[in-house]
Amino acid sequence: MQLILRQGRVVDPSQKLNRVMDVGIDNGRVAALSPKIAEKGRREIDARGLVVFPGFIDMHVHLREPGREDAETIESGVNAAVRGGFTGVACMPNTQPVNDCEAVTAFILSRAREAAKANVYPIGAITKGSQGKTLAEIGEMRRAGIVAISDDGHPVGDGQVMRRAMEYSRLFDIPVIDHCEDRELAAGGVINEGYYSTVLGLRGINPAAEEVQVERDAVLARQTGARVHIAHISTRHSLAAVARAKKEGVALTCEATPHHLLLTDAAVAESSYDTNTKMNPPLRLREDADALVAGIVSGDIDVIATDHAPHSIRDKMLEFDHAPFGIVGVETAVSLICDRLVRPGILPLERLAELFSANPSGILNLNRGTLAKGAYADITVLDMERKLEVRPEDFASRSRNTPFAGWKLCGGPAFTIVKGKIVWSV
Amino acid sequence: MASLRHKDLLGIEQLSVGEIQLILDTAEALREVAARPVKKVPALRGKTVVNLFFEPSTRTRSSFELAEKRLSADILNFSASTSSVTKGETLLDTAYNLEAMSPDIIVIRHGSAGAPHLLGRKCKASIINAGDGMHEHPTQALLDGLTVRTIKGRLEGLKIAIIGDVAHSRVARSDTILFSRMGAEVCVCGPPTLIPWEYEKLGAKTTICLEEAMDGADVIMMLRVQHERQNEAFFPSAREYASLYGLTRERMRAAKKGAIVMHPGPINRGVEIESEVADAGCSVILDQVANGIAARMAVLYLLSGNAGLTPEKSR
C-alpha cells in the first residue's frame, strides 16, 4: 500500500466510525480500514493521538484568479487551503472575467491541475456577468465542470430571474447558492444596523436585507423543487426561516462562517474601525452568533464555509466606508472551530466531520466526505493538542486580511492528504 | 495648568467628566484673548498644525485656523475637496506624506467615520477630529457645552432637547454624550426615520413627539436638515418637515422660560428653524461661533506636547 495512517482516531459519520484504526491507501483511494493492518506501507504515518477525518471541503472561497492575482491566485489559494486542512475548495465565480461560460471554467480547472494540491470545484454564475438579467450558459459550464451556480456578491434581485434559475438548475441537479441580500434594504451599509452602527456613525445594513431574501428563496425553492443553498447565514431569523422550510421538506441547506459564529459587531468598535471587521453579511449580534452556534450543533446549519475573500493591503487599508468587504478564512477556520467549539465540548467530532466534509460533499455532489473502502483518499488529519498563533505574515495566501491576527488557538491540521498524496504537513 | 493625557481627541466618548471640565475651564480662561488688543498668546509657538479637510467646511476650518493663529502655531492647510479614494492617493499615503513634515497636530475633517482613528494609529502627531462622517464632532460639543455653561452657569440638571436629523448628525452624537455625561437630561427628537437604532444607549431619551421634547427644556438644539445629502427619502419634503418639526415661536412656548436656542449651523431658515426664532433674543447661535474659537484653542493647547503618546482605542 502506498500509505498507511497508523492508529489515529478515525471519525467518519458515513460509516458511524469514531475509533482508533489504521487507514490504508493505495492508488489514491482508501484500500483498507481496520483496527490493525498487518501489511507494511511504502510510507507510514504515526497517527497516534491524532484525529483522521474524510477530507474537509470549503464550499465558499474566492480565489481571485483570473483578474486579481495580486490578492490571490488559484495556486496561492490552494496552498492556503491545504495549510488550513482543506482537501477541496469550491470557488465563487466573481472573478474578472466572471466565470459565466465554459472557457473560464476550463481555465480555472487547468490552473488548478497545475497547482496540483487540493481539489478545486468551480461554481458558475447564475446570470451572464452576474448582472442578474439573463441566465448564463449553465449547461455548458456544467459540462466543463462546475458543481453549483451562484451570483455570490451580486445577488439576483429579480424574483422572476431567480425562479427561472432554480427551475433550470434541476436539469443538472446542481444547487443554486444564494448570497441573500436585498440590495435596496442594504444600500450603503457597511456594518450591522444596531447599537454599534449608531455609536460609530457608520451606515447600517438592516438584518432584514438578508432575511427577506432568505424567505423569498425558501418560497421559490418550495415551488420549483430546486436545491437551494443559503450562503453565509448571519441572523437568527434567517436561520429560523431555513429551519422552518427544512421541516416542511423544502430542499434548502445553509452554511455559516467561523467569523459569524465567533465574532459580533462589537468587534468593529473594539478594533477601532479595523477594516478587517468589515464583511458582508456584516458581523451581527451576540444573540445571532449564539443561534448560529446552536444551529451548527443541531444540524439546522449544514456546513461551515469560510467565504475566504482575499484583498490586498492596498485595497483594504482604507477608510471603513471605502474598504472592500471580506476577510481571508481558509487558514484559520479549522483551528478556530477546534479551539472555540470542539475543545470546549460544544461541537462533537462527528458533527465537525459532517459540517466540514460529508455535507458540503453531499450538497455539491462531489462523491467525497467518506473514508469507506474504495473512496477517494482525501483525508484531513487534525492534532487537537497543536498550539498555534494566527500570524498573517506566515499565511500561504497572498492576502493578510484577517480579524483573528494574534489569536492563540489549540487544535489544528497535522496532515492534509489529497488522493493519497500528502500535500501538506505541519 | 493640567493637561490631557490623550494623544488624540477622536471623540467625546473618550473623555471623562474631569477632562471635559478641564477643557471647558481652559477655554473659559483663553476666551479673554479675543478681547485683547493683540489677540495672540505664544502657547503653540514653534508647533506645526496641519488642517486636513476632506469635506468642504468654512466655519469649522476658519474657527480652527483662528484658534491656531491666536496660539501662535505654524499652520499648513491641506484641503481635498474629493475623498482620498477618488484622488487616487489613499488616506494613509496622504497622512504619511504629512507626517514626513513633522507636524505636531493634525486636525482632520473627513466624510467617513473612523478616518481620524486610522490616522491616530499610524501617525505620531496628535489627531484632532474635526468631524468624521456621522460619528463625532467633539470640538462642536465642547463649544456647545461652553456656551450653555456660560449662559446657564451649569450643565448638571439642565434639560437639553436635540431636534432634527439625529441619524446623520455627528453633532447630535457628540452633544448627547457630552451633555449626558455632565449630568444634563438629554432628549433627542425627530421623525422615526431619522432616529437611529438604540440611540438611548448613548445616554438620551428619544421621542418622535416634538412637544414632548420641548416640554420644560432649558436648551433647544436644532440640527441642520441635510435634505440635499439624502438621496433616500427620510421624509417627503422640506415643507412637510418644517410643518412637523420646524422650530417656531409658537412651539417655543412649551420650553422653559428663558430657554436658549442653539444650532451648529449653517441654518436652513424656514426649514428646521423659523427666521424669527433664529434672530430672537433666545438664540445664542452667534455665541456658539465665538466660543468655538476658545474651545478649539483649549483643545489644541491641552494636546500640544502629547504627540508620540500611545494611541488609544475609540471605546
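The values are calculated or read from the model by the stated rules, or taken from the named source; none is laboratory data. Since the structure is predicted, the reported quantities are computational estimates derived from the model, not experimental observations. Cβ coordinates were reconstructed from backbone atoms using ideal geometry, including for glycine residues, and neighbour counts include every protein chain displayed. With ligands, DNA and RNA removed, areas are computed over all heavy atoms of the protein, side chains included. Shrake-Rupley method; radii C 1.70, N 1.55, O 1.52, S 1.80 Å.
Note on residue A:113 and residue A:187: the extension gain reaches 22.7 nm, defined as 0.36 nm multiplied by sequence separation minus the Cα-Cα distance.
Per residue, the Cα convex hull of segment A:251-291 amounts to 68 Å³. Between residue A:2 and residue A:237, the contour length at 0.36 nm per residue exceeds the alpha carbon distance by 79.7 nm. Other protein chain C-beta atoms within 10 Å of residue C-beta, averaged over A:308-319: 3. Check cross-link reach from residue A:387 to the lysines: straight Cα distance under 19 Å, and skip same-chain residues fewer than eight apart. Of all the lysines, those that pass the test against residue A:387 - Cα under 19 Å, at least 8 places apart if same chain - are A:408. Sparse packing (at most 16 other Cβ atoms within 10 Å of the Cβ) combined with a DSSP loop state is found for the following trypsin sites (Lys or Arg not before Pro) in segment A:323-398: A:373. Each residue was assigned an accessible area with a 1.4 Å probe, and for residue A:361 the value is about 0 Å².
Mean partner shielding of peptide A:199-212, defined as the number of other chain Cβ atoms within 10 Å of each residue Cβ, is 4. For residue A:43 and residue A:410, a Förster radius of 25 Å and the Cβ-Cβ distance give a FRET efficiency of 0.35, rounded to the nearest 0.05. Charge dipole (Cα centre; +1 on Lys/Arg Cβ, -1 on Asp/Glu Cβ; no other charges) of segment A:56-364 amounts to roughly 520 debye.
Go ahead and run the numbers for FRET between residue B:41 and residue B:275, Cβ-Cβ distance against an R0 of 45 Å, rounding to 0.05. Approximately 0.75, to the nearest 0.05.
Pairing the Cα long axis of helix A:286-298 with the longest principal axis of chain A, what angle in degrees results, from 0 to 90 and rounded to the nearest 10? With rounding to tens, the tilt is 40 degrees.
Rounded to the nearest 20 debye, the dipole size of the protein assembly as shown about its Cα centre is 1320 debye, using +1 on the Cβ of Lys and Arg and -1 on the Cβ of Asp and Glu.
How would you classify segment B:113-194 from its alpha-carbon gyration tensor, with a ≥ b ≥ c the square roots of the eigenvalues: rounded for a/c under 1.5, else prolate if a/b is greater than b/c, otherwise oblate? Here segment B:113-194 falls in the oblate category. Using Cβ point charges alone (K and R +1, D and E -1), the dipole size of segment B:191-315 about the Cα centre works out to roughly 300 debye. Of the GluC sites (Glu not before Pro) found in segment A:200-261, the ones in coil according to DSSP and having at most 15 other Cβ atoms within 10 Å of their Cβ are A:248. Here the contact order of segment A:56-364, divided by its residue count and restricted to Cα pairs under 8 Å and six or more residues apart, works out to 17 percent.
With helices as the sole contributors, chain B gives -10500 deg cm²/dmol at 222 nm; each DSSP H run of n ≥ 4 counts as -39500 (n - 2.57), and the sum is divided by every residue.
Counting only lysines at least 8 places from residue B:40 when in the same chain, those with an alpha carbon closer than 18 Å to its own are B:69. In plain terms, the chain from residue A:15 to residue A:158 could stretch by 47.2 nm, reckoned as 0.36 nm per residue minus the Cα-Cα distance.
Computed from the C-alpha gyration tensor, the three semi-axes of the ellipsoid equivalent to chain A are 32, 24, 21 Å, from longest to shortest. Remark: relative contact order (chain B) = 23 percent; criterion is Cα-Cα distance under 8 angstrom and separation of 6 or more residues. Within straight-line reach of residue A:419, meaning a Cα separation under 27 Å, sit the following lysines at least 8 residues removed in sequence or on another chain: A:16, A:36, A:40, A:117, A:373. Under the simplified labelling scheme, the residue B:226-residue B:101 pair shows an inter-label distance of 2.7 nm, with each label point 7 Å from Cα along Cα→Cβ. Between 0 and 90 degrees, the angle of helix B:138-152 with respect to the longest Cα principal axis of chain B falls at about 60 degrees.
If you fit an axis through the alpha-carbon atoms of helix A:236-247 and take the longest principal axis of the Cα set of chain A, what angle between them do you get, 0 to 90°, nearest 10? Helix A:236-247 sits at roughly 60 degrees to that axis.
Simple rule: put +1 on each Lys or Arg Cβ and -1 on each Asp or Glu Cβ in chain A, find the dipole, and look at A:411, A:141, A:123; the Cα lying farthest toward the positive end is A:411. Applying a DSSP loop filter and a limit of 12 other Cβ atoms within 10 Å to the GluC sites (Glu not before Pro) in segment A:1-78 leaves A:39. The distance between label points at residue A:103 and residue A:247 comes to 5.0 nm (points 7 Å beyond Cα on the Cα→Cβ vector). Each stretch of four or more DSSP H residues adds -39500 (n - 2.57); spread over every residue of chain A, this sum gives -8000 deg cm²/dmol at 222 nm.
Taking the DSSP beta bridges in chain A as the whole, what percent of them are antiparallel, to the nearest 5?
The answer is about 50 percent antiparallel.
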